[in-house]
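Only one structure is covered here, and it is reproduced in the block below.
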Amino acid sequence: MSALNQLIVIVNLLYNRNSVSIKSIREVCGISERTAYRYIDKISRAGIPLYFDRDQGGYTLCRYAKLPLNHLDINEIIIIIVALIQLSNRIDGYYHKAVENLLKKIESSGEIALEEIIGLLESNRKENCEGERLNQLITSSLIQAAVRLKTKTNIFLNRDGQLRDIILEHPKLEFKKRWKVVSIKENSRETVPLSQIVGIHIKTLSEKT
């Protein structure tokens, strides 16, 4: 079976099943797990909206129009995601389902690796946060996104009551007695304890130039 025919078969599976697992794609097409993931990525990049349904353990077509997020940057998108997850914790019935569908639209937008970022928030999904705790959740989510995207990040700090900001190149998380954000550039090393961070801004492509 040619690569084109395999892609057509996978698309047909997605349209005719509620959920399609990587295992079933491998079995039907006779391909490796790596190739199956590559085909899923190609289908998503072609504009067919997919999301990974954790409950069913497979990929599902988003039955709604693709949500364009190109006018928002990653910082705004993550704040929206956190707000929607917190809202879904506080409501039920019809509106809870509507919020869940909106999250799936965002997750399947294809703009950035949002599926993984939303997955990072799953542990907080059942926790209702208020005030400072919610600020910490947004900051933590932005840090995780910056680490995964390996992008230049502006970090706002409170050190001994003094507010300042620094720019970190390719930030990483490190744990030695406590969590820290670390950036190594040439011969310099910048280390920032998470407890000092009061805000994060991930640099967009236009801001990097």
### region 27-51 residues that are more than 11 Å from residue 7 (Cα to Cα) and in contact (Cβ under 8 Å) with a residue 60 or more places away in the chain, paired with ones that are among the small types (Gly, Ala, Ser) and exposed (fewer than 11 other Cβ atoms within 10 Å of the Cβ) (beta carbon under 9 Å, 6 or more apart)
49/65
### Any chance residue 78 is touching a strand residue (DSSP E or B) at 6+ places or on another chain (Cβ under 9 Å), of a type in the set (A, V, I, L, M) and at pLDDT 75 or above
yes
### Message
Cβ-Cβ under 9 Å, sequence separation 6+ or interchain: first residue in region 82-101 and in contact (Cβ under 8 Å) with a residue 40 or more places away in the chain, partner crowded, with 16+ Cβ neighbours inside 10 Å and assigned to a loop (DSSP other than H, G, I, E, B). Which pairs?
### Response
82/121; 82/129; 85/121; 86/129
### residue 2 at pLDDT 90 or above and either farther than 20 Å from residue 57 by Cβ or in contact with a Phe, Trp or Tyr (Cβ under 9 Å, 6 or more places away or on another chain) (or both)
no
### Message
For region 25-50, give me the residue count where each residue is assigned to a helix (DSSP H, G or I) and touching a strand residue (DSSP E or B) at 6+ places or on another chain (Cβ under 7 Å).
### Response
3
### Task
Pick out the one residue from 154, 128 that is modelled with pLDDT of 80 or more and not in a helix (DSSP H, G or I).
154
### Task
Quick one: count up the residues across region 34-65 that are under 18 Å from residue 97 (Cβ atoms) and exposed (fewer than 13 other Cβ atoms within 10 Å of the Cβ).
5
### Task
Run residue 108 past the list (1) more than 20 Å from residue 203 (Cα to Cα); (2) surrounded by fewer than 16 Cβ atoms within 10 Å (Cβ to Cβ); (3) at pLDDT below 75 and report the number of the one that doesn't hold.
(2)
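The values are calculated or read from the model by the stated rules, or taken from the named source; none is laboratory data. Just so we're clear, the structure is a prediction, and the values are computed from it rather than from any experiment. Positions of Cβ are backbone-derived with ideal geometry, glycine not excepted, and every protein chain shown enters the neighbour counts.
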